[in-house]
Structure formats: C-alpha cells, structure tokens
1. To the nearest 10 degrees, how steeply does helix 151-168 sit against the main Cα axis of the chain, on a 0 to 90 scale?
2. Which one, Ser133, Leu156, Phe177, projects farthest toward the positive side of the charge dipole computed for segment 107-182 from Cβ point charges (K/R +1, D/E -1)?
3. Going from the alpha-carbon gyration tensor of the chain, what semi-axes, largest first and in whole Å, does one get by taking the root of 5 times each eigenvalue?
4. If one takes the longest principal axis of the Cα atoms in the chain, at what angle in degrees, from 0 to 90 and to the nearest 10, does the Cα axis of helix 216-241 lie?
5. If the only charges are +1 at each Lys and Arg Cβ and -1 at each Asp and Glu Cβ, what is the size of the charge dipole of segment 4-279 around the Cα centre, to the nearest 20 debye?
6. So if I take the centroid of the Cα atoms in segment 181-249 and the same for segment 98-157, what is the distance between those two points in Å?
7. Binned at 10 Å from 0, what are the whole-percent values of the Cα-Cα distance distribution for segment 222-280, short to long?
8. Looking at the chain, which longest stretch skips every one of the GluC sites (Glu not before Pro) that is in a DSSP loop with at most 12 other Cβ atoms within 10 Å, leaving the sites themselves out?
Amino acid sequence: MEFLPDISKWTQIILRWGHVFFAILWVGTSFTFNYLDNKLPKNLKEGDIEASGILQHSGYYYKLTRYHGAPLEVPKNVIIWKYTSYLTFLSGVALLILIYYVNADILMVDKRVNENITSTIAILISIGSIAISWIIYNFICKSKLINYKIIFPLVLLIIGTAISFGLTKIYGSRFAFLQVGIILGSIMTMNVFFIIAPNGKKIAFAALNKIKFDLNLSTQAKIRSVHNNIITLLVLFIMLSGHASFIWSSKYNWIILAASAVIFGIIQYYVNYKNSRESN
C-alpha cells in the first residue's frame with residue numbers, strides 16, 4: 001500500500017494522461033475536418049450541397065457531404081464536436097492549479113527575474129493574461145482587420161510577441177514559456193465555447209425548425225476553427241519544449257516563440273492551401 005500516500009502524484013498522472021488523451025481527440029477532429037473542408041471537391045451544382053466526396057478508411061467507404069447552410073432534413077441527434085475541447089481545457093486547468101499554482105513560489109516565481117513578484121501576484125497575472133489575451137484576440141477577430149490576410153496575422157504576431165517578452169520579465173523562464181502555451185490553448189477552447197459551439201447550436205436549431213439563419217454564423221465558426229487548426233502546431237511545440245531546457249532557458253526564448261509561430265503558421269497555411277488547390 002505504498003502508493004496511497006502519493007495520491008496527489010496519482011492524481012497528477014491521471015490528469016496528465018487525460019489531458020493528452022483528450023487533446024489527441026480534439027486535435028484529430030480539428031485536423032480531420034479542416035482537411036476535409038479543403039480536400040472535398042467543391043463548386044457542385046446540387047442544391048444546397050457545397051462539397052462532396054468519398055473517404056476510404058479501414059476497408060470501408062464513407063460518403064461525405066458538406067452543405068451550404070444546412071440540409072433539408074436534419075436528424076435530431078446532430079453531433080457538435082465540443083466536449084473534447086472542454087475536457088482538454090479542464091484537465092489542463094486542473095494540472096495548472098495542482099502543479100504550478102500550488103507551488104507558485106518554486107515553479108513560477110524566480111527572484112532573479114523579478115524580486116517584486118509574490119506567489120499571489122504571479123497567479124493573478126497568469127489568470128489575467130489569459131483573460132486579456134482572449135479579449136484582445138476576440139476584438140481583433142471582430143474588427144475589419146480580419147479581412148486582411150497579411151495584416152491580421154502580423155498584428156497578432158506583434159501582440160503575441162510583446163506578451164511573450166513581458167512574461168519573461170515576470171516569471172521564471174520555464175513557466176513564462178509555458179504560460180504562452182496556456183494562453184493559446186485557452187484561446188482555442190474559448191473559440192469553441194463562445195463562437196464555434198454556440199453558432200453550431202443556433203444553426204442546428206434553425207435547421208430542425210425550418211427557420212432561415214444567417215450564413216455568417218457558419219463563416220464565423222469556420223474562421224475560428226481554422227485559427228485553432230493553425231495554432232495547434234505551436235501549442236504542441238510549446239508543451240513539448242517543457243522537456244527541452246535549452247529552448248525555454250535561452251534568454252532569446254521569446255524570439256524562439258515568435259519564430260516558431262511564423263514557421264508553424266506558414267507550414268499549416270501551406271498545407272491547407274495546397275489541399276484546397278488540389279480539390280478544385
């Protein structure tokens with residue numbers, strides 16, 4: 001019965017397992033649907049059908065259809081993918097509290113970086129930076145900047161780099177690096193909670209009740225889904241970098257983050273663009 005005194009350690013390992021498991025499911029569905037959106041043959045002239053194709057997997061064939069809006073007949077048990085996002089977020093928050101917030105004086109605060117930061121202040125800044133980052137991002141997404149394919153990501157990159165640099169002046173280098181990943185992961189979940197899932201629910205309700213709905217709901221949800229898809233590679237890099245001290249301990253770690261954001265953003269954009277071109 002030696003394992004009983006280490007309940008906190010068992011809790012942490014279970015939460016870590018759950019966090020990775022739910023993240024795999026979330027990332028998998030995100031990449032799958034974005035791939036299908038880009039890959040399915042488009043410009044079909046079949047009523048409300050916008051794209052259609054056949055998927056082969058494990059010896060079976062699946063007919064896939066994407067509608068411009070909603071199909072004429074919608075089943076009541078429409079599946080809206082959201083719980084993998086919520087479970088990934090909640091397990092991550094639990095880990096953040098149990099590992100970092102409880103041990104903030106050791107794992108978050110570094111007096112060599114900022115001797116005026118206490119554990120309480122460090123925790124409040126961590127929570128506050130998540131909220132402020134979401135507010136700024138959401139505001140920009142709802143502004144006219146969203147229509148500019150180069151200016152929009154450039155503005156986000158500049159703001160994100162500034163936040164990253166600021167965090168390196170508050171926390172120890174490892175947590176400063178991790179906090180950026182926490183902010184990005186939180187934004188991804190908030191995209192699901194505040195935009196993607198609610199819009200999907202409104203569309204499903206309207207379709208079931210034969211009510212005409214604003215197609216901008218689909219467009220808004222899709223934009224945030226694409227953002228999540230592009231952010232994913234950077235978040236994974238940040239989380240894995242926690243095991244590579246030569247990355248987060250560098251005095252140029254904020255520059256590494258900015259460069260990684262550009263590289264992974266370009267990679268994901270190219271993949272999406274290439275698949276989209278091949279489907280047309």
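Since every read-out is calculated from the coordinates, none of them should be taken as a lab result. For clarity, every value in this text was computed on a predicted model and none was experimentally measured. Cβ placement follows ideal geometry from the backbone for every residue including glycine, while neighbour counts extend to all protein chains displayed.
1. The two axes meet at around 20 degrees.
2. Positive-most Cα among the choices belongs to Leu156.
3. Numbers: eigenvalues 280, 99, 65 Å².
Listed largest to smallest, the semi-axes of the chain are 37, 22, 18 Å.
4. Approximately 40 degrees, to the nearest 10.
5. For this selection, approximately 480 debye.
6. Cα centroid to Cα centroid, the span is 18 Å.
7. Whole-percent P(r) values from 0 Å outward: 21, 44, 24, 10, 1.
8. Of all site-free stretches, the longest is 116-280.
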